[in-house]
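A short worksheet on the structure shown next.
Bear in mind that the values in this text are calculations on the coordinates, not laboratory data. What you see is a predicted model, and the numbers here were worked out from it, not measured in a lab. Using ideal geometry, Cβ is built from the backbone for each residue, glycine included, and neighbour counts are taken over all protein chains shown.
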Amino acid sequence: MTEEKPSLREAAKTFRAGLARDCPDFATRIAGFAEELAVAPGAIVSFYWPMGDEADPRLLANALAARGHTLALPVVAAKKSPLHFRVWHEGNPLIVHPFGMHEPPESAARVMPDVLLIPLLAFDAQGTRLGYGGGFYDRTLASLATKRAVGIAYAGQEVAELPCHDHDHPLDSVVTEKGVRHFR
């Protein structure tokens, strides 16, 4: 089944590009689900700065910050290691990592998130997530004592079934333009 994932990723990337074009108000729509996401008071929430046609979580993150949550962005420390997280506030500077990710500078405080808003290529009804293949989020989720994995996706990214391996960490929830769906 591992051999399937590269071809699934390519098909999912192509399909997601069309979904992004068809839902230009995605970020605004999901921002309205901040309360429904039911993030515990005071929780630190990690989100990602979208690249290309990734589903954009920034307005949802801003809505969570307005509810009193601290925001953090992931930082790639090394190729085969878990992500680190640094505090970020609206208007703070970002640097572009060689992988293309926007990250807070080293001067930003390092934190451990309680909730991670995670990009994906596809998901299924069991909460299985198809990522990009680097394993960053799987390693990160395995290393965190407390974690809640929330996928950010277009509703059309749901597929019937995805291959799942022991090292794959399932999503607890997914937020799409149609609402929040909890898997566990």
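With a/c under 1.5 counting as rounded, go ahead and sort segment 50-123 into rounded, prolate or oblate using the C-alpha gyration tensor (a ≥ b ≥ c being the square roots of the eigenvalues; past the cut-off, prolate if a/b is larger than b/c, else oblate). Rounded, because the longest to shortest axis ratio a/c is under 1.5. Just so you know, the Cα atoms of segment 86-184 work out to an Rg and Dmax of 14.5, 43 Å.
Remark: the ALA109-ALA11 segment gains 31.5 nm on full extension, using 0.36 nm per residue and subtracting the alpha carbon distance. As a rough footprinting exposure proxy, the listed residues PHE85, PHE99, PHE183 were ranked by other beta carbons within 10 Å of their own, and the order from fewest upward is PHE99, PHE183, PHE85.
Of the trypsin sites (Lys or Arg not before Pro) in segment 67-139, the ones in a loop by DSSP (not H, G, I, E or B) with at most 11 other beta carbons within 10 Å are LYS79, LYS80. Rounded to the nearest 0.05, what FRET efficiency is calculated for ASP53 and ASP25 with R0 set to 22 Å and r the Cβ-Cβ distance? After rounding, the FRET efficiency stands at 0.95.
The label point for ALA77 and the one for ALA160, both projected 7 Å from the Cα toward the Cβ, are 4.1 nm apart. For segment 11-107, would you read off the P(r) tail past 17 Å as a percentage of all alpha carbon pairs? Cα-Cα pairs in segment 11-107 separated by more than 17 Å: 57 percent. Pairs spanning more than 25 Å between alpha-carbon atoms, out of LYS79/LYS178; LYS13/LYS79; LYS5/LYS79: LYS79/LYS178. Calculated mean residue ellipticity, 222 nm, the chain: -7000 deg cm²/dmol, from DSSP H runs (n ≥ 4) at -39500 (n - 2.57) each, averaged per residue and rounded to 500. Using every Cα-Cα pair within the chain, state what percent have a distance larger than 23 Å. Tail of P(r) above 23 Å: 38 percent of Cα pairs.
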